[in-house]
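Notes to accompany the following structure.
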Amino acid sequence: MAFFDYFKRAPKSASLAKDRLSIIVARERTGTRSGPDYLPALQQELLAVIARYETIDLANVTVNLDKSGGCEVLELNIVLPDTPPPPPPRLSATVSA
Amino acid sequence: MSKVVVITSGKGGVGKTTTSANIATGIAQQGKKTVAIDFDVGLRNLDLVMGCERRVVYDFVNVIRNEAKLQQALIRDKRVENLYILPASQTRDKDALDPEGVGRIIEELKQMGFEYIICDSPAGIEKGAQMAMYFADEAIVVTNPEVSSVRDSDRVLGLLAAKTSRAELGGPAIRTHLLLTRYSPLMVKRGEMLSVGDVLELLGIPLLGVIPESKAVLQSSNKGSPAILDETTDVAQAYLDVVFRYLGQERQHRFIEEEKRSIFGRLFG
């Protein structure tokens, strides 16, 4: 009912804006301003190593560097192809830098 | 000693040209020889906002291409002494501005005794915007309290730190200032708009001033007369504060809190 909606506390849109911005701004800064530029090379070399043992698809690989608190987290996510024997292995490594 | 100041933002429509016109006018009013350069090649508007569009004969690109002398392209403001405008070209050639040409003109302006060279940047982060910031000593980043504008301002801060003459030659970092425009204290109070504090926290650069949302901005561009010239408006007062603060005077920040109105004001205002 509209009458009761009037008293309902809607979340303030300004704080929503601030939260969304702090995430996106922090993420874009790691990419452009302070982030290391070796990520693409690192990705290539890691792939070369893994490719010796497994056939992998480039589209199924992501390399991310995130800052959480005081430490940087390098996240490497590789989805290995669906090949027997099941179940499809999923390799995920997290290295603290 | 001359200072090259870029007025930039990334996002369009936040008030770069309005700010360029008002700050250049305000600084010139204080007796400093000032020029405002329009870097928005193809979409020139500073001449219109400053009311000298009918006096444009030669432009920035003509001077770079040696088709005209700098003195021929500079327009002297009729209201304020010491104030000059260098209009942009309406050419569609994207490569009309190059670092050599722009650097040469800025050097020539310094030789002519201009103390403040205000570079009005186009929107975006492409070549035009990069040319406007390339030779800057200082930057005024114009931002609206709104998500896309804040995000773009942060991107521009990244460019200022990397893609400028100072950054490339390893000189001291460009001094950056935040100018928050179109601010509505009432909406901030209601929690419907990012506050000055929010934006400062997100961008992390010092605050030069806050310009309130006001009809006076549109009215002044309608007339082609910078708002700062009519001292009765809040926008003029806000820009005057900005100019004095920029020139080194202490000024309390205003227009951040909603003005307290009396009960009569509320009933009859």
Query raised in the report: Given segment B:144-242, what helices (runs of 4 or more DSSP H) lie entirely inside it while holding 1 or more residues that are within 14 Å of chain A (Cβ to nearest Cβ), surrounded by 14 or more Cβ atoms within 10 Å (Cβ to Cβ) and hydrophobic (A, V, I, L, M, F, W, C)?
Result: B:147-162, B:165-169, B:185-189, B:196-203
Report summary line: Filtering helices (runs of 4 or more DSSP H) wholly in segment B:13-64 for at least 3 residues that are among the polar types (S, T, N, Q) gives B:16-29
Query - Qualifying residues in segment B:70-100 (those that are part of a helix (DSSP H, G or I) and closer than 13 Å to B:G128 by Cα) - the one modelled with the lowest pLDDT - result: B:K94
Query raised in the report: Looking at segment A:50-69, which of the residues that are part of a helix (DSSP H, G or I) and surrounded by 10 or more Cβ atoms within 10 Å (Cβ to Cβ) is modelled with the lowest pLDDT?
Result: A:N60
Requested in this report: Considering (1) among the hydroxyl-bearing types (S, T, Y); (2) within 14 Å of chain A (Cβ to nearest Cβ); (3) within 15 Å of the chain's Cα centre (by Cα), say which one B:Y116 fails and leave the rest.
Outcome: (2)
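Taking segment A:7-45 only, how many residues are modelled with pLDDT under 80, out of contact with any helix residue (DSSP H, G or I) (no Cβ under 6 Å at 6 or more places or on another chain) and either in a helix (DSSP H, G or I) or within 14 Å of chain B (Cβ to nearest Cβ) (or both)?
Step one: filter segment A:7-45 for residues modelled with pLDDT under 80, giving A:7-11, A:27, A:30-44.
Checking which are out of contact with any helix residue (DSSP H, G or I) (no Cβ under 6 Å at 6 or more places or on another chain) leaves us with A:7-11, A:27, A:30-31, A:34-44.
Retained after the next criterion (residues that are either in a helix (DSSP H, G or I) or within 14 Å of chain B (Cβ to nearest Cβ) (or both)): A:9-11, A:27, A:30-31, A:34-35, A:37, A:39-44.
Matching residues across segment A:7-45 total 15.
The values are calculated or read from the model by the stated rules, or taken from the named source; none is laboratory data. Because the structure is a prediction, the values reported are computed rather than measured. Here Cβ is always computed from backbone atoms with ideal geometry, including for glycine, and neighbour counts include all displayed protein chains.
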